[in-house]
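Every number in this text was worked out from the coordinates using simple rules, so none of it is lab data. Because the structure is a prediction, the values reported are computed rather than measured. So basically every Cβ, Gly included, is an ideal-geometry build from the backbone, and we count neighbours across all protein chains shown.
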Amino acid sequence: MSPSSLSSPGPFGELTVVVNPHAGRRHVGEEIPELERTLRSRGLPYRLLRTEGRGDATRFAREALEGGGRYVVAVGGDGTVNEVVNGMFDGEEKPIVPDPVLGVVAAGSGCDFIRTFGLPGDASRACHHLVGDNTYPLDVGRIGFTTPSGEEARYFVNVAEAGLGAAVAARAERMSPRIGQARYFVGFWLTLPRFKLANVRIEADNRTYEGPAFLVVIGNAQYYGGGMKISPRSYPGDAVLDVLVFKGPKSDSFTMLPKIYRGEHLPHDHVQELRVKRRLVIDADRPLPIEADGEVLGTTPATVEVLAQPIQMKL
């Protein structure tokens, strides 16, 4: 743990900086000295905490807010951001403190979440965005899913999905970190041939879709999978989640993938677009894998609820 600097507190008080030193093929750990120099040069009072394993970032964020803090910075990739966000909530779907502030430094790693906001992907420049009082009211999704031990739930701020994409994320998770951001792309083509269409039932507020699908995307922000602009109509502060049901055939992937990287795949005859302001229910004729913010979670049946602007994103 690094001691706080002697600077006067900013508008949100002392920063709790949660660093995943293993992110970005361990490059984040190498950037910690530069990160701390930049924080000190900007006059930001901070505590720096290093994670050692899964769940540490969630625990650090929760302890910071329960201890009277308000401002938590995630340093790492989408998984670190997801853990920090989950640490900001109590057991009643409310933040531990009113309007907690989330900062993100995508140091040395691929962080799709920041792309929607146009934030820089290196530690030094990203730290400049931690100064001042400029924030964006951020929506949060809460996804309930099925596990062998029963029903569980998790919060997410970027993109969640059921079906092929989650199977790809699981495959990419098992690949060597040396592949870097290409893991998702490689995992996609390895997973696609054996993944079968499912028959799904989706209830999005007052609208229903029943029929074939190989992928259901729930977008709060726009990017995932190493730069794919999968949900180009998503704005993470509009109190709405955008749901995309890819109905197939799977051969659409060959023509749609280049367009998805550019965010030019919509509208499409084989993609059902739905919007959710309250509650989404996903079920299928077989359990479909679920992931959120790149974290593989469980399977369908699943429910998603929209929490409108419970936290602030530091810009």
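If you run the Gaussian network model on the chain, springs between alpha carbon atoms under 10 Å, then out of ASP242, ASP269, ASP139 the most flexible one is ASP269.
Test of understanding: in a Gaussian network model of the chain with alpha carbons linked when under 10 Å, which of GLY77, GLY132, GLY225 would top the mean-square fluctuation ranking? Of the options given, GLY132 has the highest mean-square fluctuation. The string of couplings for the range 281-290 from the Karplus curve (6.51, -1.76, 1.60, θ = phi - 60°) is 10, 10, 9, 8, 6, 8, x, 9, x, 10 Hz, one whole number per residue in order, with x for Gly and Pro. Determine the dipole magnitude for the range 268-315: charges of +1 sit on the beta-carbon of Lys and Arg, -1 on that of Asp and Glu, nothing else is charged, the reference point is the Cα centre, and the result goes in debye to the nearest 20. Charge dipole of the range 268-315: 320 debye, to the nearest 20. Pairs of Cα atoms nearer than 8 Å and 6+ residues apart set the relative contact order; for the range 55-193 it is 17 percent. With Cα atoms defining each centre, the range 218-261 and the range 109-186 are spaced 14 Å apart in the structure.
Within the chain, the proportion of C-alpha pairs whose separation exceeds 37 Å stands at 14%. Give me the percent relative contact order of the range 15-133, please, defined on Cα pairs under 8 angstrom at least 6 residues apart. Relative CO of the range 15-133 lands at 30 percent. Taking every DSSP beta bridge that has both ends in the range 15-133, the antiparallel portion is near 5%. With the simple model of a label 7 Å out from the Cα in the direction of the Cβ, ASP122 to LEU190 spans 3.1 nm. For the chain, the Cβ-based charge dipole about the Cα centre amounts to some 760 debye (Lys, Arg positive; Asp, Glu negative; other atoms uncharged).
The calculated 222 nm mean residue ellipticity attributable to helices in the chain amounts to -7000 deg cm²/dmol, summing -39500 (n - 2.57) over DSSP H runs of n ≥ 4 and dividing by all residues.
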